[in-house]
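Inspection log for the structure reproduced underneath, given as structure tokens.
The values are calculated or read from the model by the stated rules, or taken from the named source; none is laboratory data. The model shown is predicted, which means the values in this text are computed figures rather than measured ones. Here Cβ is always computed from backbone atoms with ideal geometry, including for glycine, and neighbour counts include all displayed protein chains. We work out accessible area using only protein heavy atoms, side chains counted, and drop any ligands, DNA or RNA first. Shrake-Rupley method; radii C 1.70, N 1.55, O 1.52, S 1.80 Å.
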Amino acid sequence: AIRQCHRCPSDPQRWLRAAASSRVTWRLVAAAVAVGAVFPELPSVGFTIFSTPGASPKQLRGSDAQLWQDSWHAEHGDQGRQGELLQRQFVGFVAALAAGLILWIGAPSPVLAKQAAEVSGFAEYAKKGGAMEVNPSCFITSCGQQTKECFVEDSRCLKGALCLSRCRGDPDCATQCFAEFGCKRLDAWLNCTVEREKCVSVPPQLMNIKDWFETNVPTKKPNFDVSNMQGRWYKVRGYNPKYDCYLCQPNTFSYEPGASTLTAQVELRVPKIKSGGAWQNIVKEDMEVSAEADRSTLRAKGEIFGLSFDEEWYVLAGDEDYLLVSYKGSNLQDIYEGAFVLTRTPELGPSESKARQAAEANGYVWSKFCSIDNTCPALAEVPQEAATLTWDDVPDLIEWFAPGTVPKKEFNGQYD
């Protein structure tokens, strides 16, 4: 493959096509070259390639390496040599892409597709045995900058991506990955590769979100005045332990009288099981006031952990002291639903009897609501040290670009 395309070093698309044509060779070296993303300093790594226009292959062996570099330097001269030195660390993800071309090509098999029929997101699809569709070149051509910043310049971001790969879509596991390794670069990488460009995706024909919102719809409180939500509230009880029971959850709503929209600022803290402390999050949601004839009270859109979400909120009961709210939502990872109680104070206090009566009247079991800690102590400054990458991370890297290659492990987002 290298000899076939030795005159196209600045064209990643042609190079990948040539590499893919040498199936036996790449099947043997796929795992080895993927190591480059985790250990870019190792001299034994087979190759690297710069992903932006004018890409430079490097670190090849023997005559093939010289052939490529002679061609590259003849075309780009001293400027190419300088760029090669500056980009020497940009190693692994293109290596893994080449591996992905061989280890997983195209859509899931008919057997997997049948097993994963009628799924709602990554989590259920993986649980039912499906492997996501992957477009390896997309990581270069569409999200090259985000991948470089995450995989090369920020070891914590790379470790977070590897952690998510090991989770295989499980929401609880993924939340703990974000608690330990979450950062803006990881959000940006996921937003580009999963949300916007769909480099990795569940086959769209398997997604059935419309029916989810249209069935088992909660009965909203009629003629609710959303201006009553203006100001600061606290989430004090939550029904879904996966989504509603985080620490420290002030909710601040901003509404102009007569408007058809409002904004919400939702704060929450995710405990760090491994390192201690908590990860502070602020989620901003744009909310549209539903018409009285609609099934919901509000429709909300926002983004958390790099992925956008759509939710319908149903105010079921309340007064000036408390609100009982149910919701249904979806993102690319999952569909979900829950309920919570908002009050004007950090604790439920005297409104508990009213909230409990309303919850039970709407079919909820009061004992299943968690009590949310809103003491919100100041968080100590924790230095963000570089993450440690090991050989054990290599299969997780391959899994991003070749879904279904590596058997699933028991993993909860917490490394030993």
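Shape summary: the range 355-398 maps onto an equivalent ellipsoid whose semi-axes, from the alpha-carbon gyration tensor, are 43, 22, 6 Å in decreasing order. Taking the centroid of alpha carbons for each part, the range 136-194 and the range 379-416 are 10 Å apart. If you plug the beta carbon distance of Asn228 and Ser308 into 1/(1 + (r/R0)^6) with R0 = 25 Å, you get a FRET efficiency near 0.35. A Förster distance of 51 Å, applied to the separation of the beta-carbon atoms of Arg344 and Thr141, puts the FRET efficiency at 0.50.
Pairs with C-alpha atoms separated by more than 22 Å, drawn from the list Lys242/Lys301; Lys220/Lys301; Lys198/Lys328, are Lys198/Lys328. The simple spin-label model puts a point 7 Å past each Cα toward its Cβ; for Glu256 and Lys408 those points are separated by 4.8 nm. Over the range 268-416, the hull volume per residue, using the convex hull of the C-alpha atoms, is 186 Å³. Note on the range 175-293: Cα-only Rg and Dmax are 17.7, 49 Å.
Take Asp321, project a point 7 Å from its Cα along the Cβ direction, then tell me which residues of the range 245-263 have their backbone nitrogen under 20 Å from it. In the range 245-263, the label zone of Asp321 (backbone N under 20 Å from the point 7 Å along Cα→Cβ) covers 251.
Computed over the Cα atoms of the range 290-350, the ratio of the radius of gyration to the Kirkwood radius (Rg/Rh) comes to 1.04. Protein heavy-atom surface of the range 128-286, 1.4 angstrom probe: 48% of the accessible area is carbon and sulfur, with nucleic acids and ligands not counted.
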